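Structure record follows, encoded as structure tokens.
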Amino acid sequence: MIQAQDSLLRSKRGIPILPKAGDFAIGISATPFLNFIGNAAKINSTNVFNSPASFDFVNGDNVISGKYFWDKTTAFRGQFLIGRVSTTQTNGTNLANGSTNAYVNDTWTSASSSVTLGAGVEKRRGYGRLQAYYGAQLMLSLTGGSTNTFTYGNPIDSTYQTPKRTNFAGQNNSPGTGTYVTERKTQALFGLGITAFVGVEYFFAPKMSVGGEFGWGFGFNQGNVQGPTTTTTEAWQAATKTVVSTSTETAGKTSNFIIDTYSTAGNIFLMFYF
């Protein structure tokens with residue numbers, strides 16, 4: 001009997017089909033592959049599917065999803081994204097004295113970041129290749145934070161109160177006004193979600209499965225577009241005959257609380273175990 005039950009969980013070549021303790025898994029979206037198969041089979045002959053076959057993220061949100069099996073019925077889930085983009089643009093401009101043969105550099109540095117972390121536990125049960133699972137997970141995120149910094153080659157002084165300075169795509173000043181942005185900083189938005197989930201997987205080959213998932217839970221987001229922005233400017237103040245720096249904050253933060261069901265962005269996923 002033991003041998004018969006064990007054979008149901010192995011391929012014809014004797015390779016175990018289901019995950020075991022110590023296995024890792026990584027998930028990708030199956031949608032591009034289904035599009036490719038449908039296109040090749042001309043199921044949708046009047047319309048071309050919108051994407052070729054390629055690896056894509058399960059939720060379409062650039063978050064890497066994986067699992068670690070504590071035993072054959074218990075797995076720890078993890079999701080991970082830490083991204084940062086920094087761009088520097090330098091532009092030469094004439095000296096404030098109007099010389100056409102001498103230049104100074106103005107620089108615009110833009111940096112943005114995003115972080116998503118998730119952790120959860122799932123329990124599994126099933127018969128043969130068909131496995132169901134359920135559990136709960138916690139998600140934390142910080143998105144939308146950015147910092148724009150501007151430095152100028154021509155300083156502001158009593159002689160040149162509105163010196164020649166680069167207007168980087170209209171981000172930092174209005175030419176001729178005498179007020180110049182030195183920094184614009186947008187706060188990152190905080191998000192928290194706790195969900196319970198249930199899903200099903202079918203192992204079509206050893207350690208490879210296709211499945212889908214639904215869940216229910218609540219989420220809190222400290223905004224839906226971007227956080228508040230603090231802008232620092234500098235300008236010549238005639239009364240004190242000095243350069244004055246001023247910081248102002250613009251509103252932009254909202255909060256929302258959601259209790260609802262969810263799915264993995266409508267995607268069927270593929271899981272690979274190793």
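Every number here is computed from the coordinates shown, using simple stated rules; none is lab data. Here the structure is a predicted model, which is why all the values come from computation and not from measurement. All Cβ positions, glycine included, derive from the backbone under ideal geometry; neighbour counts span all protein chains shown.
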The residues LYS20, LYS185, sorted from fewest to most surrounding Cβ atoms within 10 Å, come out as LYS20, LYS185
Using Cα centres only, tell me the gap between the stretch 134-175 and the stretch 75-116 in whole Å.
-> 9
So PHE204 and ASN105, fully extended at 0.36 nm per residue minus their Cα-Cα distance, gain in nm 29.6 nm
Gain in span if fully extended, PHE257 to THR240, counting 0.36 nm per residue against the direct Cα distance = 1.2 nm
Would you mind ranking TRP236, TRP216 by Cβ crowding within 10 Å, fewest neighbours first?
-> TRP216, TRP236
In nm, to one decimal, how far is the THR159 label point from the PHE218 one, both placed 7 Å along Cα→Cβ?
-> 6.5
Label model pair THR93, ARG10: point-to-point distance (7 angstrom along the Cα→beta-carbon line) in nm is 7.5
Taking Lys and Arg as +1 and Asp and Glu as -1, residues besides THR195 with C-beta under 13 Å from its C-beta add up to -2
